[in-house]
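Taking it in order: structure first as structure tokens, then the write-up.
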Amino acid sequence: NSIDKDYEIGNAYAEVFNDILSYAREIVNQHTGDGRKQRYNYWDALALLRGVMSSPAAGISMLVKKAQKKSLASEDDDIVVNEAESESVLDTDYSTDDNLPLSVLARADGIKDSESKRLLGYSKKLEALYGFEHDQKANEAFFQIKKFIERGFNPIIFCRYIQTANYLGELFKDVFKGKQFKNIHIEVVTSELNDELRREKIESMNRSDRRLLIATDCLSEGINLQEGFNALLHYDLPWNPNRLEQREGRIDRFGQQAEEVEV
């Protein structure tokens, strides 16, 4: 049983996103005469927008890294390309790769300092959007997960980036308190943990009465989750539909005891 759910981005988040979208358009139009550089800037811009829309935490991490690279660039620097940039954006890379893509380091063109300051300014604005008040995506996810738990489901939230998973872990651990949500076992599992630790966490959760798992695609293959979980929320939609199938295949498989799995 699969349901698509939209959400309102909210004025504060939309304002920052529109600023970053304008910046993204600028970097794409920087090298109109050089197809190679424009193509790399295009993937760089897409990766940046994707990180910002994943969560404030992922957006900040990406903006700060990009600002650091810009400030380190000298006027003589040629373009340094991470060949996996487009693969990362399109999710054709390995499912264990839940790190933010490394931004392309483009020629500084004499604007390195002001550009770095601009990027850090965007990251500061994103910091003010942490939490349920301004982050409507997180807020909507909370209502969906709350409904799952109240109806007796044990859900998984799948994220694309480590920063997003950890951010949601902090928010959900803080909000699921009190008698109403007694004994909910919440864990965050990303590629920061090795295979053995991931398995240990899942086995420990399976012994709990009520559980909520927040994970990245490092769990979308290899570890079966059908014993402990029967609902799934895609917090970040992958661009490669195979990713969706891999995630859902962790719980919608032989050995699942629930009559219905909700996604």
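Laboratory data are not the source of any read-out in this text; all were calculated from the coordinates shown. This is a predicted model, so every value here is computed, not measured. Neighbour counts are summed over all protein chains in view; Cβ atoms, including those assigned to glycine, are modelled from backbone coordinates with ideal geometry.
Structural remarks
- Among the GluC sites (Glu not before Pro) within the stretch 188-263, those in coil by DSSP and having at most 10 neighbouring Cβ atoms inside 10 Å are Glu259, Glu260.
- Inter-label distance, nm, simple model (7 Å from Cα along the C-beta direction), Asp6/Ser22: 2.5 nm
- Mean Cα-pair separation over length for the stretch 7-68, i.e. relative contact order, pairs under 8 Å, 6 or more apart, %: 25 percent
- For Leu233, the amide hydrogen comes within under 5 Å of the amide hydrogens of Ile156, Ile157, Phe158, counting only partners 5 or more places away or on other chains and with H modelled in the peptide plane.
- Loop-located trypsin sites (Lys or Arg not before Pro) in the stretch 168-228 (DSSP state other than H, G, I, E, B) with a sparse environment of at most 12 neighbouring Cβ atoms within 10 Å: Lys177, Lys182, Arg207.
- Two-decimal Rg/Rh across the stretch 136-188, once Rg and the Kirkwood Rh are taken from alpha-carbon atoms: 0.93
- For the pair Val64 and Arg39, a Förster radius of 25 Å applied to the C-beta separation gives a FRET efficiency near 0.50, rounded to the nearest 0.05.
- When the chain is treated as a Gaussian network with alpha carbon springs shorter than 10 Å, the biggest mean-square fluctuation among Gln38, Gln180, Gln163 belongs to Gln180.
- Phi-based couplings in Hz for the stretch 212-217 (Karplus 6.51, -1.76, 1.60; Gly and Pro marked x): 9, 10, 10, 9, 9, 5
- Sparse-neighbour loop sites [trypsin sites (Lys or Arg not before Pro); the stretch 112-172; at most 16 other C-beta within 10 Å; DSSP]: Arg151
- Cut-off under 5 Å, modelled amide H: who pairs with Leu212 long-range: His185, Ile186, Glu187
- Using only alpha-carbon positions in the stretch 106-263, the gyration tensor eigenvalues give semi-axes of 32, 19, 14 Å once each is multiplied by 5 and square-rooted (largest first).
- Lys/Arg +1, Asp/Glu -1 at C-beta; the chain dipole; positive extreme among Phe158, Ile202, Tyr13: Tyr13
- Each peptide among 6-12, 235-241, 65-71 gets the average number of other Cβ atoms lying within 10 Å of its residues, and from highest to lowest they stand as 65-71, 235-241, 6-12.
- Debye equation applied to the C-alpha atoms of the stretch 196-263, log10 I(q)/I(0) at 0.12, 0.18, 0.23 Å⁻¹: -0.29, -0.67, -1.10
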